[in-house]
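The values are calculated or read from the model by the stated rules, or taken from the named source; none is laboratory data. Since the model is a prediction, treat every value here as computed from it, not as a measurement. Every residue, glycine as well, gets a Cβ built from its backbone with ideal geometry; the counts of neighbours run over all protein chains shown. To get the accessible areas, we keep the full protein, side chains included, count just its heavy atoms, and leave off ligands, DNA and RNA. Shrake-Rupley method; radii C 1.70, N 1.55, O 1.52, S 1.80 Å.
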Amino acid sequence: MKYNFLKSTLIFCVVGFFIPGFTAILLLGTQMLITKIGIECSDSWIIIWFITWIGMLLLPFLFIKNLKNIKTQQSIKTKLILFNLLEYIFIQASLASFFTSGKTLCYGSDGQNGLEFAFAGWLALPILLIFSYIFKILSDNK
């Protein structure tokens, strides 16, 4: 079954260009929840980055494994949207770890105010397109 992974991901990328602030707020909310359970703020960012790095690396393999079992185009579309959203957030958070630190995010700006999350979100978009191209190749060879 042929499915246009690239077209669907391109549509997501158009939306993805405008949502990095929303996903950054989601990440900030996650940090606040972790802090509420008693973990120090900068340590909570380390936990978030650890989880998102693992998610960013594992999710494509899980999607590829699941791709072989998907039978309908609607199911592929739904799972690709979910993959793109989760992978976008994982990549955004993971790449932001290169541009900032937990201490900077929690206790001082040092010229940073969270914009690194927006830039990291934009950097995630071409990576999603590469994944979709790989999914297309694997799907065609199925």
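Accessible area per residue (1.4 Å probe, heavy atoms of protein chains only) ranks ILE134, ILE91, ILE34 as ILE134, ILE34, ILE91, with the largest value leading. When the chain is treated as a Gaussian network with alpha carbon springs shorter than 10 Å, the biggest mean-square fluctuation among SER132, SER101, SER44 belongs to SER101.
Hey, in the GNM for the chain with a 10 angstrom Cα cutoff, which one of PRO20, PRO60, PRO126 fluctuates hardest? Maximum fluctuation in the GNM of the chain, among the listed residues, is at PRO126. Across the protein chains, with a 1.4 Å probe defining accessible surface, the residues GLU40, GLU116 rank GLU40, GLU116 from largest area downward. Other residues with beta-carbon under 14 Å from the beta-carbon of THR9 carry, at +1 per Lys or Arg and -1 per Asp or Glu, a net charge of +3.
Note on exposure: THR104, THR78 ranked by accessible area (1.4 Å probe, complete protein assembly) read THR78, THR104, with the most exposed listed first. I'd like the distance between the alpha-carbon centres of the stretch 15-31 and the stretch 37-72, rounded to an integer number of Å. The stretch 15-31 and the stretch 37-72 have Cα centres spaced 16 Å from each other.
Dipole of the chain, Cα-centred, from +1 at each Lys and Arg C-beta and -1 at each Asp and Glu C-beta, to the nearest 20 debye?
For this selection, approximately 900 debye.
Pick out the long, greasy-scoring helices in the chain: whole DSSP H runs spanning 15 Å or more along their own axis by Cα, mean Kyte-Doolittle at least 1.6.
Length and hydropathy pass: 5-18.
Entry note, the stretch 1-139: relative contact order of 43 percent, from Cα contacts under 8 Å with a spacing of 6+ residues. By the beta carbon rule, with partners counted only under 4.7 Å, the chain holds these lone Cys residues: CYS13.
Give me the number: length gained by fully extending THR35 to ASP140, i.e. 0.36 nm times residue separation minus the C-alpha to C-alpha distance, one decimal in nm. Intermediate values should be presented prior to the final figure.
Values: separation 105, 0.36 × 105 = 37.80 nm, distance 4.55 nm.
My answer for the length gained is 33.2 nm.
Across the stretch 48-118, the relative contact order, built from alpha-carbon pairs under 8 Å that are at least six residues apart, equals 39 percent. Here the spin labels are modelled as points 7 Å beyond Cα on the Cα-Cβ line, and at PHE99 and TYR133 they lie 2.3 nm apart.
Taking SER94, SER42, SER75 as the candidate residues, the one with maximal mean-square fluctuation in a Gaussian network model of the chain, Cα springs under 10 Å, is SER75.
Need one number: nm distance between label points at LEU82 and PHE18, each 7 Å from Cα along Cα→Cβ, rounded to one decimal. Label at LEU82, label at PHE18, 2.5 nm between them. In this simple spin-label model, placing a label point 7 Å from the Cα along the Cα-to-Cβ direction at both PHE119 and ILE64 gives a separation of 3.1 nm.
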